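Everything below concerns the one structure shown next.
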Amino acid sequence: MVDADQTFVIVGGGLAGAKAAETLRAEGFTGRVILISDERDHPYERPPLSKGYLLGKEERDSVFVHEPAWYAQNDIELHLGQFVDRIDRAAKTVRYGDDGTLVRYDKLLLVTGAEPRRLDIPGTGLAGVHHLRRLAHAERLKGVLAALGRDNGHLVIAGAGWIGLEVAAAAREYGAEVTVIDPEPTPLHHVLGPELGGVFAELHREHGVRFHFGRRLTEIVGQDGMVLAARTDDGEEHPAHDVLAAIGAAPRTGLAEAAGLEIADRAHGGGIVVDERLRTSDPDIYAAGDVANFPLALFGTPLRVEHWANALNAGPAAARSMLGQDVTYDRIPYFFTDQYDLGMEYSGWAPPGSYDQVVIRGDAGKREFIAFWLAEGRVLAGMNVNVWDVTEGIQKLIRSRQQVDPDALADPHVPLDGLTS
């Protein structure tokens, strides 16, 4: 039984941290729970920042994980707007705040998340250059998109990943002109490969988005602090009043690195290395969410997953592990998106080069289908587009590791559950 005199410290105020604190109390932990966040807002969920909240369809208060009063009601010591700058593993303390407050921990959970990668080109200091990671970013960008829509303004987006495409869809719904620039040949190339990336390119083109693939931004041109255009490596200038840098995120590992914890190299996703119990190289320090690089035996590789479901599930798993429970974190990666009238869910992991076949069930032209990525007849990943209530069946196929008949997989009359024994 965990001693009531123990102190568990959580560093990071996102979904993973909030759900970890909730789980500690739900599991009966009666010691101190201290949650320290460098954001001034209460812990919130990030998907609405590029979806419903950005579009003005969800209220600001809807993004928060808990009501503000919940933390005091559950005896969670919440420190907002406080930056942790040091972990002393020998003394088992963390230091935070302008006054260098020290707090001792028995167990420490790092859920420091990720931060947007920055464009390393001239012009990034102009007022019209944006990133989207935090609630404050979304609040600012929401106003920008509304103004662009009113004034027939131009938004240039660097990056055709999930954030870039979701903001492109939002910007078009506001009425802004949108140009997306990406060095790859299709959107989402490193996630969906060339076979399915084209589905999203066509969707956005139908809604008036202009794409320039195989190109990189080289300069953001401005005058008097304002953006005028975005220049690409072919010498072309694209009209722009605002620019969004959506070129990915980097795990916030600085605190862990300084403490001497094991860090994965970028080729393996980066992040803090953890075991199947979400323990770092220090047995009293755990990590979860965007910053954690965890082993997933199902795919035979360590992974770092930046999606909502990972934060939702890994935070509670880490909390239970901190309590000494027998935990094996082996969730199949899952994420979703909503763009215009397209809704999509993706389960699994199948980067280009890992699969040898893509099977389509349904009508890709009508954007009502399921795509499966296979290697030697085994399903690595599945993506359902405007087809619902199939995630469980897709994940069962992935977990089974069984070879399946591609013709049966493509046949919508064959139940997914009937493809595994």
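The values are calculated or read from the model by the stated rules, or taken from the named source; none is laboratory data. The structure displayed is predicted, hence computed values, not measured ones. Heads up, the Cβs are rebuilt from the backbone with ideal geometry, glycines too, and the neighbour counts pull from every protein chain shown. We work out accessible area using only protein heavy atoms, side chains counted, and drop any ligands, DNA or RNA first. Shrake-Rupley method; radii C 1.70, N 1.55, O 1.52, S 1.80 Å.
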Mind telling me which of the residues 331, 378, 399 ends up being farther than 22 Å from residue 306 by Cα and not small (Gly, Ala, Ser)? 378
Count of residues meeting criterion [among the acidic types (Asp, Glu) and within 20 Å of residue 202 (Cβ to Cβ)] in the stretch 355-374: 2
Please list, ordered by first then second residue, the pairs with beta carbon atoms under 6 Å, 6 or more apart or interchain, first in the stretch 57-68 and in contact (Cβ under 8 Å) with a residue 12 or more places away in the chain and β-branched (Val, Ile, Thr), second open to solvent by less than 100 Å² (accessible area, probe 1.4 Å) and outside any strand (DSSP E or B). 63/45; 63/48; 63/53; 65/15; 65/18; 65/43
Determine whether residue 202 is in a strand (DSSP E or B) and either surrounded by fewer than 16 Cβ atoms within 10 Å (Cβ to Cβ) or in contact with a Pro (Cβ under 7 Å, 6 or more places away or on another chain) (or both). no
The listed residue being among the charged types (D, E, K, R) and under 20 Å from the mean Cα position of the chain (by Cα), out of 172, 134, 86: 134
Restricting to the stretch 250-273, name every residue that is out of contact with any Gly (no Cβ under 8 Å at 6 or more places or on another chain), among the aliphatic types (A, V, I, L, M) and touching a residue at least 24 places away in the same chain (Cβ under 8 Å). 255, 256, 258, 259, 261, 272, 273
Tally of residues being farther than 26 Å from residue 199 by Cα and surrounded by fewer than 19 Cβ atoms within 10 Å (Cβ to Cβ) across the stretch 144-176: 5
Can you pull out the residues in the stretch 4-20 that are touching a residue at least 40 places away in the same chain (Cβ under 8 Å) and either touching a His at 6+ places or on another chain (Cβ under 8 Å) or open to solvent by 40 Å² or more (accessible area, probe 1.4 Å) (or both)? 6, 13, 18, 19
Quick one: what pairs do we get from the stretch 313-326, first residue basic (Lys, Arg), second open to solvent by less than 40 Å² (accessible area, probe 1.4 Å), C-beta under 7 Å, 6+ apart or different chains? 320/23; 320/327
Show the residue pairs meeting these rules: Cβ distance below 6 Å; 6+ apart or different chains; first residue within the stretch 21-40 and without any contact (Cβ under 8 Å) to a residue 40 or more places away in the chain; second residue open to solvent by 10 Å² or more (accessible area, probe 1.4 Å). 30/4
For a quick check of your reading: which strands (runs of 3 or more DSSP E) sit entirely within the stretch 338-413 and have at least 3 residues that are in contact (Cβ under 8 Å) with a residue 12 or more places away in the chain and either within 14 Å of residue 195 (Cα to Cα) or open to solvent by 60 Å² or more (accessible area, probe 1.4 Å) (or both)? 357-363, 368-375, 378-385
So, in the stretch 85-108, how many residues would count as being basic (Lys, Arg) and touching a Phe, Trp or Tyr at 6+ places or on another chain (Cβ under 8 Å)? 2
Matching residues in the stretch 178-199 - criterion: being open to solvent by 40 Å² or more (accessible area, probe 1.4 Å) and touching a residue at least 60 places away in the same chain (Cβ under 8 Å): 190, 191, 194, 195
Just give me the residues in the stretch 176-199 being in a loop (DSSP other than H, G, I, E, B) and either among the small types (Gly, Ala, Ser) or touching a Pro at 6+ places or on another chain (Cβ under 7 Å) (or both), in sequence order. 176, 185, 186
What number goes with the only condition from (1) open to solvent by 70 Å² or more (accessible area, probe 1.4 Å); (2) in contact with a Pro (Cβ under 6 Å, 6 or more places away or on another chain) that residue 417 does not pass? (2)
